[in-house]
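The values are calculated or read from the model by the stated rules, or taken from the named source; none is laboratory data. Everything numeric in this text was worked out from a predicted model, so none of it was measured. Virtual Cβ from ideal backbone geometry, glycine too; neighbours counted across all protein chains shown. Note: accessible area is taken over every heavy atom of the protein model, side chains too, but ligands, DNA and RNA are not part of it. Shrake-Rupley method; radii C 1.70, N 1.55, O 1.52, S 1.80 Å.
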Amino acid sequence: MAGAFSAPKGVPDYVPPRSGALLAVRDGLAAPARRAGYSYVELPVFEDTELFARGVGQSSDVVAKEMYTFADRGGRSVTLRPEGTAGVLRCVLEHGLALGQLPVKLWYAGPFFRYERPQAGRYRQLHQVGVEAIGSDDPAVDAEVVAVAYEGYRSLGLRSFRLLLNTLGDATCRPAYRSLLQEFLAGLRLDAETRERAELNPLRVLDDKRAAVREQLAGAPLMADHLCAPCRDHYETVRALLARVGVEFSDDPRLVRGLDYYTRTTFEFVHDGLGAQSGIGGGGRYDGLSEAIGGPPLPGVGFGLGVDRTLLALEAEGAPLSVPPRCEVFAVSLGEAARAPLFALVVELRRAGIAADMAYGARGLKGSMKAADRSGAGVALVLGDRDLAGGVVQVKDLRTGEQSGVPLEKAVEEAARLVAELR
Ligand code: HAM
């Protein structure tokens, strides 16, 4: 039955039942953010290309190599959003949201686009749930953001993930450290591309995964040893608050994130069951981003959690997800006369908040009961001519096989009682 087309390279389709699991992961990751006072924001999927160039940074791979950029019919250069932070800040500035009480706390979910080399867990269209808290430099906000992400994974039942924490300093202490690191890197044997990276964004070199480079980096100076006092205090407070609420983390002084806007606290959640693409979520503070995109000084901190990879991680752990049932009651009619009353019953069940479906087309009892089994429903309603004449419907508990005739006007109540037992 293969058709002529396939989905674009590197872009997954999610079909039932896995698509239901994807939704459950998205909702599960978003729930703690909503409980923590974050309001929903819905943003465009494409933006002015310049926003990402200035916001995310020219030296990041995301901007330099991975953007879906094109000219629209009006000749404007637009880009499918590779990430959410720059767009949220653009929106906050445009609508003056930071003129009121601070921080402004927003959450979002949706697709993002990166022209990466596709592999397991690395897609060209990916899904994230994100939060951004804008307008406060209080370290408690950093701790909140991290704790909200942690809660999301835990509430989904994920176990073997680790939280890596680091600080990247700020405009006061990072420039001096950057020069120091550049001096150190200049003394190493590096290929041309890495040398260029050392010029543009030396911190990224610390993140190099190749053994030959890693060996040489063993003695590299680390930001942690060159922090200014305010940055050190900030980091200490974040760590203490996380420890206090039982959020386990390990310090990773070499953690460098792939986007240029980060300052101070940065973090990443990694899962060991995913192979190379182990990052299931990450984020950090971005105190200079507002100025970079033409706004006033406005500190911020946030995260982006990978919905696709979180689902893969749950699957790797074999962790059962609680996905709402597609169908709780399945209705079967036998004969023409029963069809309309049964249809009405199904609509009534749905209005009563019960997931209900029915057999369509002429299938006969056997075929219809098979459909009932496949639907996953716990209860079947069967209505035939004789039942109809007697004003009853057969209500069958599909687990036990027990069946009884129930007056038609009591059918919804009886089905609801059985469904409640199953929920
Ligand atoms: P990011 O680390 O680039 O951060 O992306 C966040 C998460 O999205 C990753 O940890 C990963 O789980 C998922 N992800 C990224 N690329 C792919 C891909 N190609 N395929 C599948 N999943 C992927 C950000 O995007 C920042 N905006 C996060 C942030 C918000 N920082 C501050 N606020």
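Please work out the C-alpha center-to-center distance from region 13-80 to region 296-354 and express it in whole Å. Here the two parts' Cα centres lie 24 Å apart.
Note that region 310-369 presents 52 Å² accessible area per residue, ligands and nucleic acids not counted, probe 1.4 Å. Calculated over region 14-148, the projected area of the Cα convex hull averaged across directions stands at 10.0 nm².
Normalised by the number of residues in region 344-423, the mean separation of alpha-carbon contacts (under 8 Å, six or more apart) gives a relative contact order of 23 percent. The packing ranking, built from the mean of other Cβ atoms within 10 Å per residue, places the peptides 239-246, 85-92, 407-414 in the order 85-92, 407-414, 239-246, highest first. Heavy-atom accessible area with a 1.4 Å probe sorts ARG189, ARG26, largest first, into ARG189, ARG26.
What is the angle, in °, between the Cα long axis of helix 339-351 and the longest principal axis of the Cα atoms in the chain? Nearest 10 is fine, range 0 to 90. Helix 339-351 and the main axis of the chain meet at about 40 degrees.
Please work out whether region 160-290 counts as rounded, prolate or oblate from its C-alpha gyration tensor, where a ≥ b ≥ c are the square roots of the eigenvalues and a/c under 1.5 means rounded, while otherwise a/b larger than b/c means prolate and anything else oblate? It is oblate, given that a/c is not under 1.5 and a/b is not larger than b/c.
Dividing the Cα radius of gyration of the chain by 2.2 N^0.38 Å, with N the residue count, gives 1.25. Positive contributions from Lys and Arg (+1) and negative ones from Asp and Glu (-1), summed over other residues with Cβ under 10 Å from the Cβ of GLY110, come out at +1.
Probing with 1.4 Å while keeping every protein chain in the model, the per residue accessible area of region 226-294 equals 40 Å². Here the accessible area is traced with a 1.4 Å probe on the protein chains. For the chain, carbon and sulfur cover 53 percent of it.
Using a probe of 1.4 Å on the protein chains alone, the accessible area found for SER179 is around 60 Å². With a Cα cut-off of under 29 Å and a minimum spacing of 8 residues unless on different chains, the lysine pairs in the chain number 8. Using C-alpha pairs under 8 Å with a sequence gap of at least 6, the mean separation divided by the residue count of the chain gives a relative contact order of 16 percent.
Helix-only arithmetic for the chain: the sum of -39500 (n - 2.57) across DSSP H runs with n ≥ 4, divided by the residue total, places the mean residue ellipticity at 222 nm at -11500 deg cm²/dmol. Here the Debye sum runs over all C-alpha atoms of region 357-422 as equal scatterers in vacuum, and log10 of I(q)/I(0) at q = 0.12, 0.14 Å⁻¹ comes out as -0.29, -0.40.
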